[in-house]
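Okay, so here's the structure we're looking at.
Just so it is clear, none of the values below were taken in a lab; they were calculated from the coordinates. Fair warning: this is a prediction, and the values are worked out from it, not measured in the lab. Glycine gets a Cβ as well: all are built from the backbone with ideal geometry, and neighbour counts include every protein chain shown.
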């Protein structure tokens, strides 16, 4: 025995070798598993990114809530702050973040600067006196310092924006004075010294409420109300300001917060008080658009998840069928059934584990690329609260895949080995009319669920998880209808060229084993339904106007789902018919030697493929349109046109499949395949 | 063979039928075989006489329809699934008519020999050593790291024998060992097999068309239309076979 060949064989190594020594099929298995996980996970990730980005956009534009009221003195100002803070906290918890109270008075007309008469250009300008709590957190001091709260003294210490100081020709340490009418017939002079210049840390800071002040003298709270005693033209106005941030609101809290903010605004209104907020109306509008977009993405994700599971089932079935002799051999050598099952399961499971890593990488790369392109959808907008739902969905898909692999592996080793070690030939799924009709009826009920009386109220009352589950009911209904249609579909009817040898041969094959192409037909039907649905969702304006993040997220998710689904379906379709071609060549191989032209077999298989693809694509298009009607707002004329364009596109796709179908069998050499068929 | 050697195989009144395309096929009508431990028998007969079916029944790949089949103390008609697994694993080794049917193409030659071993437990270093000695005995020591696809026809047959004997079974069942070989290499193979069986103390039932195989076994049984017919003993031993 040669050195180096004495490593002991383990069952794990045997399982890995079994799974990987047929490289092409192992790759197909890996790709199907990666797609089955990555596609639905990516759609759900895009949904979360789009919705959170849309929420951030909404709150960035309309996230403010402020209460303004005239406050004659510092005690009234403090009382207003306490009152508003208490009610905001009681109504909204920590969903609204305090920006700090502010008070303003003025206008101030400068009469002297640096103890000299102010130039005419300066006297025509007016300044505002402002106290802003937490100013130091939002500015950078570029010279001097910010005034110290309540220092008092002979002259007031003020600071001002550097941009404003430059505009007015003022500088650090300048002494400014303004005159007031201090009561009937009395004149008063107010003087201040500039002790600091600042600039804003960020111009888009909600603290500035959309506009950074320039001609403003900021000072301490007590100094401002001392100034107010001089009776400037405008009495001091206190403003208690809040801002809703995505981190504090969260997607799940947006809908509830809209209602609470509305109640708070009504609660705070008073004759001498002004409540400024568009937050409740914006949140309500956003929530409506978000639900429509999320419903569309969830529906497509459900279709794609089932599509992926079906593709994996087809590939794994074929993969294990190719190992059937070897698995039977292990049983014939006395391996217990459970141990052989573990070899089969661990092999495909190990391939699956690497596919999971690839799927995670695909999702991460796609999210990073989308974030980097400045599309308005960013992975940075995701909140920690988004992760449990995403992980639960991915875990559910992973569990379904593991269960599927375990089941298929069990089926592969269940029977006692035949002496020939050959596995029984599968007949494909077949079903009678009764189960098909039952599936269709349940499917129709699922599709109609959102439109049943009381469904809207139930949706509104349901929690976000329950709502999401309810919103995928139409998609699950469509899947059941597709399954029923595949079972009922009379494929032989779709055969073209009946009366010719190849047409009769194709009809004979489909009548002999009507369910043999059911898996491939189901794949194409679901994928085409998803593509039509996605086209209608994009063109129907489901995301609404004025929400770039939501819109981009929906469009990208629909495109990714539709294209990914079609690619998976076409790959699965091709693999299925490749295997069918091998079986046909094996079946008719002996007849080739007796003069049967291989082209007849090729054409008959092409006719089977065209019949399967044609019926699946037509059924899928109808199903996709029905799903769009069930899930999306009634599409406008443009959406109908887009749907028709999608149907034409899928028709071209069918023609391409038929064309490929005719060529692929011709490339298969009967002499090379007879032994392997 | 000693007349007092304990019985390894005791088959009496065996009949077996199986279904093909809805039709019942009577493959074995009445088979009687007695085989002592370590004894080697050739079963000869025409095509369709039931030779392969007999091997399948003896390998517990098919359950006998009627009659008594006891091998190594196991009544094959009464084995539950667990005992049948143990029987296939520990009592018999099988060489299929197409020897590659008994091999896993994704494993090396050495790993194929270890496959029967790890069906019941983890492979130990001494198992690797034993497998290596089996391969040496089958003149495959230099091919231990190769895949079966790279082996010649005779090497594949030798590997199939080594795999069948990996668990030191009491009985080797081989279907047409020499059918694909010219007599020169077949003779060499049969000599090596006889020597190895002698070392292991295992019995063998070799199904064959080739009457020359009879020179390498203790007895010949004829199978005619599913019925065993006694035939004269060959009088050949492993030692004689080697000459």
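Ordering A:358-366, B:9-17 by mean Cβ neighbour count within 10 Å, with the highest value first, yields B:9-17, A:358-366. Taking 20 °C and 1.002 mPa s as conditions, chain A diffuses translationally at an estimated 71 µm²/s according to Stokes-Einstein applied to its Kirkwood radius (Cα pairs). Listing A:92, A:310 from fewest to most neighbouring C-beta atoms within 10 Å gives A:92, A:310. Sorted on the mean count of surrounding Cβ atoms within 10 Å across their residues, most packed first, peptides B:178-190, A:571-583 read A:571-583, B:178-190. Bridges between two residues of the protein assembly as shown, per DSSP, are antiparallel at a rate of about 70%. Select from B:125, B:105, B:148 the residue whose mean-square fluctuation is largest in a Gaussian network model of chain B (Cα-Cα springs shorter than 10 Å). In the Gaussian network model the winner is B:125. By the count of neighbouring beta-carbon atoms within 10 Å, fewest first, A:517, A:109 end up ordered A:109, A:517. Take each peptide in A:475-486, A:131-142, A:201-212, count the other Cβ atoms within 10 Å of every residue, and average; sorted highest first, the result is A:475-486, A:131-142, A:201-212. In chain B, the longest principal axis of the Cα atoms and the axis of helix B:153-164 are about 80 degrees apart. Place a label point 7 angstrom from the Cα of residue A:229 along the Cα-to-Cβ direction, then list the residues of the stretch A:186-200 whose backbone nitrogen is under 15 Å away. Under cut-off, by backbone N: A:188-191. The angle separating the long axis of helix A:11-20 from the principal Cα axis of greatest extent in chain A is about 90 degrees. Structure remark: mean-square fluctuation, Gaussian network model of chain B, C-alpha springs under 10 Å; the largest value among B:157, B:97, B:199 belongs to B:199.
With the convex hull constructed from alpha-carbon coordinates only, the stretch A:1-77 shows a mean projected area of 13.6 nm² over all directions.
Note on residue A:134/residue A:372: beta-carbon distance plugged into 1/(1 + (r/R0)^6) with R0 of 30 Å gives a FRET efficiency of 0.35. Helix A:337-372 and the longest principal axis of the C-alpha atoms of chain A enclose an angle of approximately 40°.
Shielding value for B:121-129 is 3, the average number of Cβ atoms from other chains within 10 Å of each residue's Cβ. In chain A, Cα pairs under 8 Å separated by at least six residues give a relative contact order of 19 percent. In terms of surrounding Cβ atoms within a 10 Å radius of their Cβ, A:53, A:282 rank from fewest to most as A:282, A:53. Counting 0.36 nm for each residue step from residue A:204 to residue A:60 and taking away their Cα separation leaves a gain of 51.0 nm. Using the rule -39500 (n - 2.57) for each DSSP H run of four or more residues, divided by the residues of chain A, the 222 nm mean residue ellipticity is -21500 deg cm²/dmol. A straight line joining the Cα centroids of the stretch B:76-121 and the stretch A:319-334 runs 11 Å. For the pair the stretch A:245-302 and the stretch B:27-64, the centres of their Cα atoms are 82 angstrom apart. The stretch A:69-130 and the stretch A:362-410 have Cα centres separated by 48 Å.
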